[in-house]
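Bear in mind that the values in this text are calculations on the coordinates, not laboratory data. None of the values given here were measured: they were computed from a predicted structure. Glycine gets a Cβ as well: all are built from the backbone with ideal geometry, and neighbour counts include every protein chain shown.
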Amino acid sequence: MFHKAIGLKLLEGTALEVSYEDGAVKRYDMRKLFPKYPQLKALEDRALFLSAKMIGAYGIIWNDELDIDTETIYEDGETIRKENVMIHHASSRAVSAARASAGVSQKRLAELTGIDQSDISKIERGVSNPSVATLERIAEALHGQLSITIDVPTA
């Protein structure tokens, strides 16, 4: 099973923190891989290390030779915390459904709200945690049609 990464934070040294769709937040130090993959020692160069980018939900890349799949980080990284993702999913579903119901594109919603289209996409994919103020702007642009339901599993 692959775990979908949704966020990347670069820490001190060669450590990074990756957030996953299931709420797991993992810390991983790339130094672990230096013995097996000596080319990764190049990441000790801070400028290079800080150039990391997520490629989709399944990888992190620095350049053509240096990358890591996020599943390795999920499996071998240290769990820092488990975030409650129910609110992310509830708001993403609500915004996506309300926008579709109103027949408004992400581009048009961006124009109506002043929120970047890329940020609206992140909200709808559950990658972003929108503030209440942001959700209010979206609701106003959709003529007050935004209903968020949070389903909490019971024991």
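Data overview
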read-out	value
Cα centroid separation, the stretch 57-121 to the stretch 8-36 (Å)	18
Choice from Gly126, Gly144, Gly59 with maximal GNM fluctuation in the chain (Cα, 10 Å cutoff)	Gly144
The stretch 86-141, relative contact order in percent, only Cα pairs under 8 angstrom and at least six apart counted	42
Highest-fluctuation residue, Gly103, Gly77, Gly13 considered, GNM on the chain with Cα pairs under 10 Å	Gly103
Nearest-20 debye value, the chain charge dipole, Cβ charges on Lys, Arg, Asp, Glu	200
Cβ-defined net charge surrounding Leu142, 12 Å radius [Lys, Arg +1; Asp, Glu -1]	+1
Residues of type lysines that Lys9 reaches as a straight line, Cα spacing below 21 Å, ignoring anything fewer than 8 places off in the same chain	Lys26, Lys32, Lys41, Lys53, Lys82, Lys122
GNM flexibility winner over the chain from Val132, Val95, Val25 (Cα, springs under 10 Å)	Val132
For the stretch 110-125, Karplus couplings with θ = phi - 60° (6.51, -1.76, 1.60), whole Hz, Gly/Pro x	4, 5, 6, 9, x, 9, 3, 4, 5, 6, 5, 4, 4, 4, 5, 8
Per-pair calculated FRET efficiency, R0 = 22 Å: Lys4 and Ile148 via Cβ, rounded to 0.05	0.50
The stretch 86-141, dipole about Cα centre (Lys/Arg Cβ +1, Asp/Glu Cβ -1), debye to the nearest 20	180
GluC sites (Glu not before Pro) within the stretch 65-141, DSSP loop, no more than 15 other Cβ atoms inside 10 Å	Glu65
Theoretical FRET efficiency, 1/(1+(r/R0)^6), r = Cβ-Cβ of Gln39 and Thr72, R0 22 Å, to 0.05	0.90
Tail fraction, Cα-Cα pairs, the chain, threshold 29 Å, whole percent	32
Rounded FRET efficiency, nearest 0.05, which uses the C-beta distance separating Asp22 from Leu48 and R0 of 22 Å	0.15
Sparse-neighbour loop sites [trypsin sites (Lys or Arg not before Pro); the stretch 24-132; at most 14 other C-beta within 10 Å; DSSP]	Lys36
Cα-centre dipole for the stretch 5-82 with unit charges at Cβ (Lys and Arg positive, Asp and Glu negative), debye to 20	260
